[in-house]
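Below: the structure, in structure tokens.
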Amino acid sequence: MRFDFTPEESDFRRKLSAFLDGALPADWHGPADESRDDHWALNQQIKKGLADRGWFVMSWPTEYGGADSSPMMNTIFAEEMAYRRAPGHDRFGTRMLGPTLMRFGSDSQRAEHLGAIARGEVQWCQGYSEPNSGSDLASLQTRAVLDGDNFIVNGAKIWTSLAHRADMMFMLVRTDPDAAPHKGISLLLVDMKTPGIQVLPIINMAGVHSFNQVVFDDVRVPQANLVGDLNDGWRVGMTVLNFERSGIDYAVWARAALEELVDYVKNDDSLVSTVKTNPEVRGKLASLNTEIEAARLLCYDVAWRQGQGEVPSAEASISKVAGTEIYAKVLDYGTELLGMYGALEPGSEQAELQGNFLKMRLFATSGPILAGTNEIQKNIIAQRGLNLPRAPRR
Amino acid sequence: MDFGLTQTQKLIRTSAREFLADRSGPATVRAVADGDTEVAANLWMDVVELGWPALTVSEQHGGAGLSFSDLAVLLEELGATLAPVPIAESAITARILERFGQDALKAELLPQIADGDVLITPAIVGRDASWDAHNTGTVANRTGSGLVITGEARFVSFANQATHALTLVNTDDDQFAMVVVPIWKSPGVEQIPLNHASGTPVYSLTFNEVEAPTSNIVATGTEAVAAAAELVATGSVARATQLAGLARAVVDSTVEYTAGRQQFGRPVGSFQAVQHHLAEMAIAAKQVNHLAHAAAWSFSQDGYSVDRAARAKIAASEKIADLCWTAHQCHGAIGFTWEHNLHLYTRRALAWKTDFGDAAFHKAILASAMGL
Ligand SMILES: Cc1cc2nc3c(=O)[nH]c(=O)nc-3n(C[C@H](O)[C@H](O)[C@H](O)COP(=O)(O)OP(=O)(O)OC[C@H]3O[C@@H](n4cnc5c(N)ncnc54)[C@H](O)[C@@H]3O)c2cc1C
């Protein structure tokens, strides 16, 4: 066993950090992930900067413009970006669709899309969830019917993050309504400018526009945009979700938040500085620190296993649950330590730490829900990780 | 023991439910949270019409003379609907006046409180946001005719609607005084609106040589400190009771949602993971409800139970915001939207975790009461 980073890994972290020093505004407090909408121009700029330096898709094989970097390097990349709360990384294109196209896409799909993703020129969104299909994704009803060389798509997607910014969507559609739920689904690539697509904003509970409802009314999608085989979309589309499921962002956001909180408590000018000698407060901060480090190690474990050629599933779920839970806990304690000030919204007079802890806490509510709820993750941990029997189907 | 409601309490509950369903729905709650002071003022006028500010004022002073336990039934309903009205604020300051005030001051103010012409809101927290009765953000010079007050009071609920603030001041002779300070259009008072997650109007007040006549002094010295401590205890029980109502409403709406929402061909509420979430929420809601009502019941003419009051707010502060986060988890993405009402409850629960003292504050009180 070894619990440090290689010189190459540390060197990369330093370089990325130095780049972010220059790219982020001096007073950058960062939004949580879902408020990127507020900072779209900066998002685009950083994306470009990362692409120019070859970091944007460094996890990809060299033949697609990547650097074939190890899963550990990718984790360090995600970690450093999250630690700085930097906008500009594109989980939909680089982490989800890219790897899926490499495995299942046609030559022309790869040629058309991978380069554009690698250069940071295109924004993708993920059209999976529907109003009646959340955890039970396989029940999705958005219909695609082949008509000559085109699919005609009708239906609605919901909670589609960044649909209002996206050029393209990868979406799951029902192509065989008579087959068993998992057997009649296909994955399509859709240009968001196609006539018949309507993007309706949904404001989240923190007051930010980050996700949307997307309505499809006789939308024509070329047959050539089918990824993999017809009706094999479940298998193709689930590959994406395996890339999605990691707790690293959350574990690191938690670390950044705890550091901000500790700095605040340590500062003699802060309104709560008297609590820094309080043993209960010190104990609580120390236990949060411990849980954050544990969550971080769980994420490194996933990366290490991937580096060994494994496809960790229960481990990924464990890291997602641990990361999202500790992030919420740190923010809960932050708002609590801020006392009465913890209840002030961003922009309020007399707010402490810009009201960010409250805002981040509200955002953090979505962590245990998105990318597979934590209940579903725990089912995976119990059933796939621990081999416990499944509940009998009634 | 009797966990049932008296006839009076039943009446309070029924009429409160009727009125609040009609007049304090989500649209009203949202308007007030967005800073609409007119909607808040109109709602208050209707509440005054119903006679709610008079409920616990003594009969001698023109009130209905009901108990704090009766009031708690109303507070629970106000919590359940997030009703943005200063009934708790009015009732707790009136009670402190009844218990500590001079006869002349009581005779002057209490009938007006009962009529809704006077609304007194607590203003005893300074910049350090401490609820400790020895900490105040205001100082006062004694003059021949009264006190001249300077300083600030933060996190004052409904200051824009209140006619007076009940404030603890440090006097120049190194003493404390609790005093009723006129704040309505008072020249030396500046009101700074805060954007408070409770969704109720909360302000910071700056006092610049504001005069209060000697007759407005409620108590001085250790008596004033005791009055301030009792004000905090009374307020904390009021908040705990409101939070108990809030919790009940969140449990009910989450049960309703998860029983209806279908995934995998069955209601998500049929999954044990979800059922256990809801069971834990229900346990917490019941615990807080009992502790809050037991505390409210302990308030009598002669005082209150210090340990019951502390326990009520410890439990409410520790459990109710968590209960709301669990409710979000049970709702999935729909509960993460602005449009859904759940976040209004969550925000208020989070904000009131610390109002009138957080769990740590009340634990210190309880530990002392336990003889530690
Ligand atoms: C901020 C945010 C961004 C999102 N972005 C996207 C996006 O870009 N693209 C996209 O396609 N989707 C997106 N989603 C949707 C996300 O994938 C779904 O919210 C998620 O799958 C859960 O579905 P649901 O919200 O419908 O909840 P439901 O499935 O209705 O779940 C409700 C409750 O029931 C529980 N439950 C359901 N089934 C079970 C079970 N079998 N066992 C135990 N408990 C169960 C859940 O855990 C939850 O507590 C986003 C969601 C959020 C909150």
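Taken together, the values in this text are just the output of simple stated rules run on the coordinates, not laboratory data. Remember, predicted model here, so these are calculated numbers, not experimental data. Cβ: placed from backbone, ideal geometry, glycine included. Neighbour counts: every protein chain shown.
For the stretch B:304-372 and the stretch A:127-154, what is the centre-to-centre distance using only Cα atoms, to the nearest Å?
42 Å
Please report how far the C-alpha centroid of the stretch A:37-76 lies from that of the stretch B:135-208, rounded to the nearest whole angstrom.
With the stretch A:37-76 and the stretch B:135-208 each reduced to a Cα centre, they are spaced 55 Å.
Inverting the mean 1/r over all pairs of different Cα atoms, compute the Kirkwood radius of the protein assembly as shown and quote it in Å.
28.3 Å
Is it possible to state the helix-based mean residue ellipticity at 222 nm for chain A, with each DSSP H run of 4+ residues giving -39500 (n - 2.57), the sum divided by total residues, to the nearest 500 deg cm²/dmol? What is it?
-13500 deg cm²/dmol
Could you work out how far helix B:37-50 tilts from the main Cα principal axis of chain B, as a 0 to 90 degree angle to the nearest 10?
For helix B:37-50, the angle is close to 90 degrees.
Just tell me which lysines come within less than 22 Å, Cα to Cα, of A:LYS183; anything on the same chain fewer than 8 places away is out.
Qualifying lysines at Cα under 22 Å: A:LYS157.
Which stretch or stretches of the stretch A:56-76 have amide N atoms under 20 Å from the point lying 7 Å from A:GLU121's Cα along the Cα→Cβ direction?
A:56-67
What fraction of the DSSP beta bridges in the stretch B:107-195 is antiparallel, stated in percent and rounded to the nearest 5?
Approximately 70 percent, going by the DSSP bridge assignments.
Near the amide H of A:MET192, under 5 Å away, which other amide H atoms are found, from residues 5 or more places off or on another chain, if H is placed in the peptide plane?
A:MET168, A:MET169
Could you tell me which residue out of A:LEU298, A:ILE381, A:SER287 lies farthest along the dipole of the stretch A:245-385 toward its positive end? Charges go on the beta carbon: Lys and Arg +1, Asp and Glu -1, centred on the Cα centre.
A:ILE381
How large is the charge dipole for the protein assembly as shown, taken about the Cα centre, if only the Cβ atoms of Lys, Arg (+1) and Asp, Glu (-1) carry charge, to the nearest 20 debye?
Here the size comes out at about 2120 debye.
Kindly identify the stretch A:63-167 as rounded, prolate or oblate by the Cα gyration tensor criterion: order the square roots of the eigenvalues as a ≥ b ≥ c, call it rounded if a/c is under 1.5, otherwise compare a/b with b/c, prolate if a/b is larger, else oblate.
Numbers: a/c = 2.20, a/b = 1.43, b/c = 1.54.
Oblate is the answer for the stretch A:63-167, as a/c is 1.5 or above yet b/c matches or exceeds a/b.
Whole-Hz ³J(HN,Hα) for each residue in the stretch A:111-118, computed from phi via Karplus 6.51 cos²θ - 1.76 cosθ + 1.60 with θ = phi - 60°, x for glycine and proline: what do you get?
Karplus values, whole Hz, x for Gly and Pro: 4, 6, 9, 5, x, 5, 5, 4.
For a quick check: sort A:LEU358, A:LEU261, B:LEU278 by the number of other beta carbons within 10 angstrom, fewest at the front.
Numbers: A:LEU358 28, A:LEU261 22, B:LEU278 18.
Fewest-to-most ranking of A:LEU358, A:LEU261, B:LEU278: B:LEU278, A:LEU261, A:LEU358.
Report, in debye and to the nearest 20, how large the dipole of chain B comes out about its Cα centre when Lys and Arg carry +1 and Asp and Glu carry -1 on their Cβ.
1240 debye
With N set to the number of residues, divide the alpha-carbon radius of gyration of the stretch B:1-120 by 2.2 N^0.38 Å and report two decimals.
Ratio of Rg to 2.2 N^0.38 Å for the stretch B:1-120: 1.08.
Could you name the lysines in cross-link range of B:LYS10, using Cα to Cα under 18 Å and dropping any fewer than eight places away on the same chain?
Cα-Cα hits under 18 Å: none found.
I'd like the orientation of helix A:7-23 relative to chain A: the angle between its Cα long axis and the longest Cα principal axis, in ° from 0 to 90, rounded to 10.
In chain A, helix A:7-23 runs at an angle near 90 degrees to the longest axis.
Most fluctuating residue of A:GLU63, A:GLU79, A:GLU310 in a GNM of chain A with Cα springs under 10 Å: which is it?
It is A:GLU63.
Using the Kirkwood radius built from alpha carbon pairs, what does the Stokes-Einstein equation give as D for chain A at 10 °C and 1.306 mPa s, in µm² per second? Mind showing how you got there, number by number?
Details: Rh = 22.2 Å.
Once the numbers are plugged in, D ends up at 71 µm²/s.
Using only Cα atoms and rounding to the nearest 10 degrees, what angle (0 to 90) does helix A:314-337 make with the longest principal axis of chain A?
Long axis of A:314-337 versus the principal axis of chain A: about 40 degrees.
Hey, got the dipole for chain A? About the Cα centre, +1 on K and R Cβ, -1 on D and E Cβ, debye to the nearest 20?
The calculation lands at about 760 debye.
Under a GNM of chain B (C-alpha, springs under 10 Å), which listed residue has the highest mean-square fluctuation: B:LEU119, B:LEU55, B:LEU66?
With Cα springs under 10 Å in chain B, the top fluctuation among B:LEU119, B:LEU55, B:LEU66 is at B:LEU66.
Return the calculated 222 nm mean residue ellipticity for chain B, to the nearest 500 deg cm²/dmol, obtained by summing -39500 (n - 2.57) across DSSP H runs with n ≥ 4 and dividing by the residue count.
Helix contribution divided over all residues of chain B: -17500 deg cm²/dmol.
What shape does chain B take by its C-alpha gyration tensor, where a ≥ b ≥ c are the square roots of the eigenvalues and a/c under 1.5 counts as rounded, a/b above b/c as prolate, and the rest as oblate?
Details: a/c = 1.77, a/b = 1.72, b/c = 1.03.
Here chain B falls in the prolate category.
With a 10 Å Cβ neighbour count serving as the proxy for reagent exposure, in which order, fewest first, do A:GLU349, A:GLU130 appear?
A:GLU349, A:GLU130
Given a 10 angstrom Cα cut-off, can you work out which residue in B:GLY146, B:GLY79, B:GLY116 is the most mobile in a GNM of chain B?
Comparing B:GLY146, B:GLY79, B:GLY116 in the GNM, the peak value goes to B:GLY146.
Under 5 Å between amide hydrogens, which residues at least 5 positions from A:ASP136 or on another chain qualify, with H placed 1.01 Å from N in the peptide plane?
B:PHE264
Using Cβ contacts closer than 10 Å as the measure, can you line up B:TRP325, A:TRP159 from fewest to most?
B:TRP325, A:TRP159
Tabulate in residue order the Karplus-calculated ³J(HN,Hα) for the stretch B:349-354, using 6.51 cos²θ - 1.76 cosθ + 1.60 with θ = phi - 60°, rounded to whole Hz; enter x for Gly and Pro.
After applying 6.51 cos²θ - 1.76 cosθ + 1.60, I find 4, 5, 5, 8, 3, 9 Hz.
When a/c reaches 1.5 or more, the comparison of a/b and b/c decides; with that in mind, is the stretch B:100-206 rounded, prolate or oblate per its Cα gyration tensor?
The shape class here is oblate.
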